[in-house]
Amino acid sequence: MTRSELISILSTTDRVQMKELFGQAEAVRDANVGRQVFLRGLIEFSNRCRKNCYYCGIRRGNRQVARYDLTDEAILEAADFAWHNRYGSIVLQSGERQSPRFTQRIARLLEQIKQRTHGGLGITLSCGEQPAEVYREWFEAGAHRYLLRIETTSPALYARLHPDDPLHDFDRRIAALEDLRRIGYLTGTGVMIGLPFQRVEDLADDLLFFHRTQTPMVGMGPYVEHRDTPLYGHRELLLPPRQRLSLALRMVAALRLLMPQINIAATTAMQALHPMGREQAIRAGANVFMPNITPQRVRPGYKLYDNKPCIDENASQCNDCLDFRVRLSGVGIAYDQWGDRTSASPESVARQEL
Ligand code: SF4
């Protein structure tokens, strides 16, 4: 698709055209990655972050947040939960920190999780920008996917969303994505949709960036404001929630048509704007679902935006809800699968050995 075709898709508000678009995206998803979703159990293990992104509820400057760090035992317990419930994969996510202690701790946890699951559980990391040697150490310890959202591929918009200092450097983030690819990770990125100051042309360029860089997995969702952030002061520029969600769904569908074989997440932010937002994303071509398996007691501390769903539930309740929600979307769940087209999944072998 050309840039102008993408802009046209993203701009449409005609109900019939949108229905056709979502139907086409679903058919393309079904034909290329199956009529199913892959699971990634999400463990938000720490909300400590050295950065100050203007849109983020856990930014360093937000003094309203109670900071936490899950213990190793709690992280391993959550990983065990995912394994026993046949999720196939987990995501270990935190704010951004850089220290030898942090690096070694993550490496140790990766090795322990791999050992406990006989190499069967796939592990995605999402711990921000790190030196290439840290990415390499974690890769060698067992992580095979890394999620680092660019948030917008427009340098001008990026500059409006972040402080003007070397810690929040657009080029450095692009370089980090390249480091990850070079090391061998399946690299995921993504953007926020419906930001203040964002134009539909910027979103079309985001899609073309994913295509140009052949990104194998994308997690993108609507921008949802957080009242304790600087960007909240520009909320009068936002589309109403329903229109913002609709734009995000058109982004998902357009990306599926552009890149039929990649993994696209139905992100939690979709559900923040509508109770059925994630199901709608699956009906627009998404194929990855990320049940939250973070212990309930710390979930309120990981509020990246207001109205974040599933704050009061625990992992078992989210698990009970999962089957129902996915079925409502009319697709199946691919249990015991890493869900990577480019790597064989050894989990069934691991289970046979148990
Ligand atoms: S978006 Fe990520 S890097 Fe930025 S403040 Fe939030 S947790 Fe930190």
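Coordinate-derived values only; no laboratory data. No experiment lies behind these values; they were computed from the predicted model shown. Using ideal geometry, Cβ is built from the backbone for each residue, glycine included, and neighbour counts are taken over all protein chains shown.
Tabulated data for the structure shown
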| item | result |
| --- | --- |
| The chain: calculated mean residue ellipticity at 222 nm from DSSP helix runs of at least 4, using -39500 (n - 2.57) | -13500 deg cm²/dmol |
| Total formal charge among the other residues, if their Cβ is under 12 angstrom from that of Leu257, Lys/Arg +1 and Asp/Glu -1 | 0 |
| Relative contact order (percent, whole number), the stretch 108-236, Cα cutoff 8 Å, 6+ residue spacing | 24 percent |
| Rel. contact order, % - alpha carbon contacts under 8 angstrom, at least six apart, the chain | 26 percent |
| Positive-end residue of Gly339, Leu322, Val33, charge dipole of the stretch 3-353 with Cβ unit charges | Leu322 |
| Evaluated over the chain, the Cα radius of gyration and Dmax, each in Å | 18.9, 57 |
| DSSP bridge orientation in the chain - percent antiparallel, rounded to nearest 5 | 5 percent |
| Unpartnered cysteines - no second Cys beta carbon under 4.7 Å - across the chain | Cys49, Cys127, Cys310, Cys318, Cys321 |
| Dmax and Rg, reported as Rg then Dmax, of the stretch 68-216 (C-alpha, Å) | 16.6, 48 |
